[in-house]
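Heads up, the thing below is written out as C-alpha cells.
The values are calculated or read from the model by the stated rules, or taken from the named source; none is laboratory data. Computed from a predicted structure; not experimentally measured. Cβ atoms come from the backbone with ideal geometry, glycine included; neighbour counts cover every protein chain shown. Each accessible area value is taken on the protein alone, full model and side chains, heavy atoms only, with ligands, DNA and RNA left out. Shrake-Rupley method; radii C 1.70, N 1.55, O 1.52, S 1.80 Å.
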Amino acid sequence: MPVLFTTEGSPGHRRLALWQDIVCDVYVGLDCTSDLGSAFRGSVTHTTLGRAVCSEVASDRQRVHRTSQRIARADADYVLVALGREGIGGVTQDGRDTVIRPGEFAIYDTTRPYELQFDAAFRQTVFKLPREMLQRRIGATEAVTAITFGADGPLQPLAYDFIIKLCERADHINVENAEHLADQAADLLAMTLAERLRTQPLPASSHRAALLYRIKAHVRTRLSDSDLSLQEVARELGLSTRYINDLFSDEQLSFQRHVLAERLKQCHRDIGSPALAHRQISEIAFSWGFNDLSHFGRVFREQFGMTPREWRRSAVTR
C-alpha cells in the first residue's frame, strides 16, 4: 500500500514544520515556506516502482526551494517528473520558468538548484527516477528542465497518461513487473523529450545535448540489430561519424562504448528476470544485437563481475 504522510491531526502550529519534515524525507533536501501558518495543510503518498518512486502531493499554497547548500549536503541524484492533476504549479530551473496545469508535466533535476511555486491549492503526481535511468537514454538534462509538456505531438499526452496510470496502480504491481514498467516509463519519457527537442528552437549551449538525445533515442530503437554501426546511424541522422563521437566525448564515451553498455544493461536485466528464465542466455544475447557468445561472456563479466550464468543463478536466489 502507498505510504501516507499528512499534516492532518497535527496541531496547527506544527503543521508547516511537519510538512518540511515530510517533504525532505520523501523527496530530497528542500526548503518549504507558506504564508498560511497554522492553516496550512498537505499530504503525500508514495509507492516504490522498481528503482522509481510514484508520489501524489496535495497541499495549500507554498514555495519550495532546492538550494546549492542543500545539494552540497546530500547525494540525491534524481530526475522528478511533475504531472499536473489539479491547480497550477510553477517550476524554475536552468534559467527557465514554466507552469504545469492539469494534463501537463515538466521535469527538474535534483543535482541543480530549482524552485517550485504554488499560489493556490494543488495536486500533482510526481514520478521520481534515478537520473542515470534517463541520462543513459538521452544524456544531460539541462536542455529539458522547466519546459512544459502538454498535448502537443503524439508522445506528450501518451507519456502523461502512461505515467499517471502506472502510478495509480503501482501498489498492485509485483516487483518483477515493476522493474520492467519503470524502464518502459523511462523509455517513453526519453522519446517524448527527444521528440520535443527536435521541434523546439534551442540556445546554442543546448544544441549539442539535443543532438545527443536524438542519437541515443535512435540507438535504443536499434539495439537488437547486430549490424548497427556508427556509419549507418550517421547516415540516417544526417551527421558525420566524427561529430557523433565528438558529442559522445562530452560524456567521456564513444558511440561504440555507448551501444555496448546499453546492450549489456538489457541483457543483464533479461538474464536476471525470473519471467525469462525459460530463455537461453545465448538467445537473449543474440536478441540484443550480440553475435559472438565468447565476446559477450567476456564483456558481461568485465562489466558486472560475474558470468551471465552466475548472474542468472544469483538472481534466482535473491
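Some points to look at:
- Screening the range 114-127 for residues that are assigned to a strand (DSSP E or B) and aliphatic (A, V, I, L, M) and picking the one that is surrounded by the most Cβ atoms within 10 Å (Cβ to Cβ) gives L116.
- Within the range 158-170, tally of residues that are touching a strand residue (DSSP E or B) at 6+ places or on another chain (Cβ under 9 Å) and buried (at least 16 other Cβ atoms within 10 Å of the Cβ): 7
- Selection from the range 266-275 of residues that are aliphatic (A, V, I, L, M) and loosely packed, with under 15 Cβ neighbours inside 10 Å: A275
- Within the range 297-318, if we keep just the residues that are β-branched (V, I, T) and either part of a helix (DSSP H, G or I) or in contact with a Lys or Arg (Cβ under 9 Å, 6 or more places away or on another chain) (or both), the residue that is least open to solvent (accessible area, probe 1.4 Å) turns out to be V299.
- Evaluating T241 against the criteria (1) at pLDDT 90 or above; (2) β-branched (V, I, T); (3) within 22 Å of D187 (Cα to Cα) leaves one unmet condition, (3).
- Only one of S294, S282 that is part of a helix (DSSP H, G or I), of a type in the set (S, T, Y) and open to solvent by less than 60 Å² (accessible area, probe 1.4 Å): S282
- Of all residues in the range 193-200, none satisfies being of a type outside the set (S, T, N, Q), at pLDDT 90 or above and under 24 Å from D152 (Cα atoms).
- Subset tally (residues that are surrounded by fewer than 17 Cβ atoms within 10 Å (Cβ to Cβ), closer than 22 Å to L166 by Cα and among the small types (G, A, S)) for the range 67-113: 1
- In summary, I22 fulfils each of the numbered conditions (1) at pLDDT 80 or above; (2) under 22 Å from Q117 (Cβ atoms); (3) out of contact with any Asp or Glu (no Cβ under 6 Å at 6 or more places or on another chain) with the single exception of condition (1).
- Condition check for R15: open to solvent by less than 40 Å² (accessible area, probe 1.4 Å), charged (D, E, K, R), assigned to a helix (DSSP H, G or I) and over 19 Å from A170 (Cβ atoms): yes
- None of D152, D183 is at pLDDT 75 or above, crowded, with 19+ Cβ neighbours inside 10 Å, of a type in the set (D, E, K, R) and out of contact with any Lys or Arg (no Cβ under 6 Å at 6 or more places or on another chain) except D183.
- Meets criteria (on the phi > 0 side of the Ramachandran plot, touching a residue at least 12 places away in the same chain (Cβ under 8 Å) and surrounded by 22 or more Cβ atoms within 10 Å (Cβ to Cβ)) for G139: yes
- Total residues in the range 226-274 satisfying the condition of being basic (K, R) and under 21 Å from the mean Cα position of the chain (by Cα): the figure is 3.
- Restricting the range 36-57 to residues that are touching a Ser or Thr at 6+ places or on another chain (Cβ under 6 Å) and open to solvent by 30 Å² or more (accessible area, probe 1.4 Å) leaves a set whose member that is farthest from H180 (Cα to Cα) is R41.
- Residue list for the range 128-186, filter: within 22 Å of L116 (Cβ to Cβ) and in a loop (DSSP other than H, G, I, E, B): A140, T141, E142, A143, V144, T145, A146, I147, T148, G150
- Residues of the range 225-253 satisfying the condition of being under 17 Å from A140 (Cβ atoms) and of a type in the set (G, A, S): S249
- For the range 240-265, a residue qualifies if it is touching a Ser or Thr at 6+ places or on another chain (Cβ under 7 Å) and open to solvent by less than 40 Å² (accessible area, probe 1.4 Å), and exactly one does: F248.
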